[in-house]
Every structure is written in C-alpha cells, then in structure tokens.
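Where a number appears in this text, it was derived from the coordinates with a stated rule and is not lab data. What you see is a predicted model; the values in this text were computed from it and never measured. Methodologically, a virtual Cβ is constructed for each residue, glycine included, from the backbone with ideal geometry; neighbour enumeration extends over all protein chains shown.
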Amino acid sequence: MRNKVILVSSNQLGRGDQVLGENILETFFTILKQREELPLAIFCMNSGVLTLTDDSFVSVHLKELEEKGVEVLGCKTCVDHYQLEDKLVVGKISGMAQFIDLSAKYEVLTIS
C-alpha cells in the first residue's frame, strides 16, 4: 500500500444491497488500518465523502488512519453538493487539482 492513493468514490463497496456494501467498505478499512504499510492518502469523492461524517462507521477507521499519518481528503465540490461542510468529522476539504497532482505521482487504487 505504500505510495498509493486510495480513491473512495462511493459510500459502499460494490453494487447491490446498500447495507451490505457499507459493511464491506467498513471491513476494507478495518483491515487496512491494521496493516504495517499504509497508503499515502485517501481521497473521497462523489458519495464517498459521506464516509467522512459520523453517519458512516467508516469515519472511525478513517480517523485512525489519519492519526497514523495517512492524509484523508474530501472533494470540495462533492462536500458542497451533499452539504456536508459542517458535518465532516475526519479529513480536510481538498480540490480535484490536488487529486490530479497525487495521481500523477502515485498509483491510485479505486474503491467503488
């Protein structure tokens, strides 16, 4: 995972049942935070920004990853669209330009 950027484009992993997808995404981050090698950054866009709020169990794991030095970023356009600016409990608001810069330098793993 070292030198990778994880792109979270949805608040669930996979298509199908919403609750199942949310649980699978939470499991992904539960296991990821236990790894020795962590990604450089996590960039959340589209409904992925919902994981940055208390309404998502994923936010707990993202907080722990952030405390371990992983940069957690939320797309400003998406945060504005979902009206979440005052509801974010983890990460910082960023722009697509920063994601493009990161993706030019590091491998991107897309979670959708």
Please specify each residue of segment 12-50 satisfying the condition of being of a type outside the set (A, V, I, L, M) and more than 22 Å from Arg2 (Cα to Cα). Gln12, Gly14, Arg15, Gly16, Asp17, Gln18, Gly21, Glu22, Asn23, Asn46, Ser47
Picking from Leu20, Leu7, Leu52, which residue would you name as being closer than 15 Å to Leu73 by Cα, out of contact with any helix residue (DSSP H, G or I) (no Cβ under 7 Å at 6 or more places or on another chain) and not β-branched (Val, Ile, Thr)? Leu7
Restricting attention to segment 73-91, report how many residues are loosely packed, with under 13 Cβ neighbours inside 10 Å and closer than 19 Å to Leu62 by Cβ. 2
Among the residues of segment 63-75, is there at least one that is more than 11 Å from the chain's Cα centre (by Cα) and under 24 Å from Arg15 (Cβ atoms)? no
Of the residues that sit in segment 92-112 and are surrounded by 12 or more Cβ atoms within 10 Å (Cβ to Cβ), over 11 Å from the mean Cα position of the chain (by Cα) and of a type in the set (Val, Ile, Thr), which one is nearest to Phe57 (Cα to Cα)? Ile93
Taking the residues in segment 36-62 that are assigned to a helix (DSSP H, G or I) and polar (S, T, N, Q) as candidates, determine which candidate is nearest to the chain's Cα centre (by Cα). Thr51
